[in-house]
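Chemist: Have a look at this one.
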Amino acid sequence: MIELLILFELNKTVLTMYGVSKEIRGDFSVLTTPSYGTIKPALRRLEKGGFVRTQKSISEGGRPSTYYSITKDGVNELKRLLMEEPLENPIQFLPMAMIKLACADMLTKDEQLILFKALKTKAESIIIDTKNLMTFKDLSFYPKMVFENLICEYNNFITLLEGFENACTR
């Protein structure tokens with residue numbers, strides 16, 4: 001996920017590590033707030049993979065700064081990460097799906113439709129699994145309410161996706 005966020009931000013502009021962190025927090029703070037300890041090694045991995053290039057320079061104050069920019073391969077990697085199959089772990093699925101949706105405008109309309117369909121299919125699967133769990137387990141009040149709320153959340157998410165699909169096909 002961190003690589004996707006970094007590449008998304010670098011796709012907009014050249015940034016320092018501090019700038020990458022600031023932009024991610026500004027755009028995605030309601031979904032995630034990665035630390036420098038997460039961003040720095042991810043930038044190294046992206047650079048090693050040829051997805052990001054660095055340029056070192058001296059700031060006006062005389063301090064060395066490293067600027068990161070996305071490469072053509074990095075743009076392709078960003079698209080690949082966006083189109084990657086949804087996560088199997090339901091607890092990670094929704095935040096990651098929301099991040100992908102927030103980045104979807106960099107995809108073509110056809111790619112967006114494929115993304116929306118894949119996310120919708122996974123959300124529907126989670127609803128079915130949750131309903132099955134509720135059917136075959138004798139749940140007490142609190143777990144039952146939590147699972148009913150989860151079903152409602154995923155139904156709302158599906159409605160959001162259907163709205164995006166409709167907007168895409170107009």
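The values are calculated or read from the model by the stated rules, or taken from the named source; none is laboratory data. In this text the structure is predicted, and so the values were computed from the model without any measurement. Using ideal geometry, Cβ is built from the backbone for each residue, glycine included, and neighbour counts are taken over all protein chains shown. Accessible surface is based on the protein model in full, side chains and every heavy atom, while ligands, DNA and RNA are left aside. Shrake-Rupley method; radii C 1.70, N 1.55, O 1.52, S 1.80 Å.
Chemist: Could you report segment 35-163's accessible area per residue, 1.4 Å probe, as an integer in Å²?
Modeler: In whole numbers, segment 35-163 has 63 Å² accessible per residue.
Chemist: Which of rounded, prolate, oblate describes segment 64-112, given a ≥ b ≥ c as roots of the alpha-carbon gyration tensor eigenvalues and a/c under 1.5 marking rounded, otherwise prolate only if a/b is larger than b/c?
Modeler: Cα axes put segment 64-112 in the oblate bin.
Chemist: Ok, one more. Mind checking which of Leu150, Leu31, Leu139 has the largest fluctuation in a GNM of the chain, springs on alpha carbons under 10 Å?
Modeler: Answer for the Gaussian network model of the chain: Leu139.
Chemist: Let me ask something additional. Identify which of the listed values of percent of Cα pairs over 25 Å apart was calculated from the structure shown: (1) 43; (2) 22; (3) 37.
Modeler: Only one listed value fits the structure, namely (1).
Chemist: Using a Förster distance of 22 Å, how high is the FRET efficiency between Ser140 and Leu31, based on the Cβ-Cβ distance and rounded to 0.05?
Modeler: That gives a FRET efficiency of 0.10.
Chemist: While we're looking at this one, here's another question. Quick one: which residues, 5+ away or cross-chain, put their amide H under 5 Å from the amide H of Ser65? H built at 1.01 Å from N.
Modeler: Correct list: Ser57, Ile58, Ser59.
Chemist: Magnitude of the Cβ-charge dipole of the chain, K/R +1 and D/E -1, about the Cα centre, nearest 20 debye?
Modeler: Dipole about the Cα centre, nearest 20: 580 debye.
Chemist: Give a residue-ordered list of calculated ³J(HN,Hα) values for segment 147-163 (Karplus: 6.51 cos²θ - 1.76 cosθ + 1.60, θ = phi - 60°; whole Hz; x for Gly, Pro).
Modeler: Couplings: 5, 5, 5, 4, 4, 4, 4, 5, 5, 5, 4, 4, 4, 4, 4, 5, x Hz.
Chemist: From the phi of every residue in segment 52-61, what ³J(HN,Hα) in whole Hz does the Karplus formula 6.51 cos²θ - 1.76 cosθ + 1.60 yield, where θ is phi - 60° and glycine or proline is x?
Modeler: Each residue of segment 52-61 in turn: 9, 10, 10, 9, 9, 8, 9, 6, 4, x Hz.
Chemist: Report the one residue of Ser57, Pro90, Leu46 whose Cα lies farthest in the direction of the positive end of the charge dipole of the chain (charges on C-beta: Lys and Arg +1, Asp and Glu -1; origin at the Cα centre).
Modeler: Result: Ser57.
Chemist: Beta carbons within 10 angstrom, averaged per residue: use that to sort the peptides 44-50, 70-76, 19-25, highest first.
Modeler: The packing order, highest mean first, is 19-25, 70-76, 44-50.
Chemist: Which is farthest toward the positive dipole end of the chain among Ile151, Cys103, Ala123, measuring Cα position about the Cα centre, with Cβ charges +1 (Lys, Arg) and -1 (Asp, Glu)?
Modeler: Result: Cys103, furthest along the dipole toward the positive end.
Chemist: Could you give the length gained by full extension between Asn156 and Ile114, i.e. 0.36 nm per residue of separation minus their alpha carbon distance, to one decimal place?
Modeler: Result for the pair: 13.2 nm of gain on full extension.
Chemist: Quick one: length gained pulling Lys131 to Glu88 fully straight, 0.36 nm per residue minus the C-alpha distance?
Modeler: 13.8 nm
Chemist: Cα axis of helix 72-83 to longest principal axis of the chain: angle in degrees, 0 to 90, nearest 10?
Modeler: Relative to the chain, helix 72-83 is tipped by roughly 10 degrees.
Chemist: Roughly what angle does helix 90-103 make with the longest principal axis of the chain, taking Cα atoms, 0 to 90 degrees, to the nearest 10?
Modeler: The helix 90-103 is inclined about 50 degrees to the chain.
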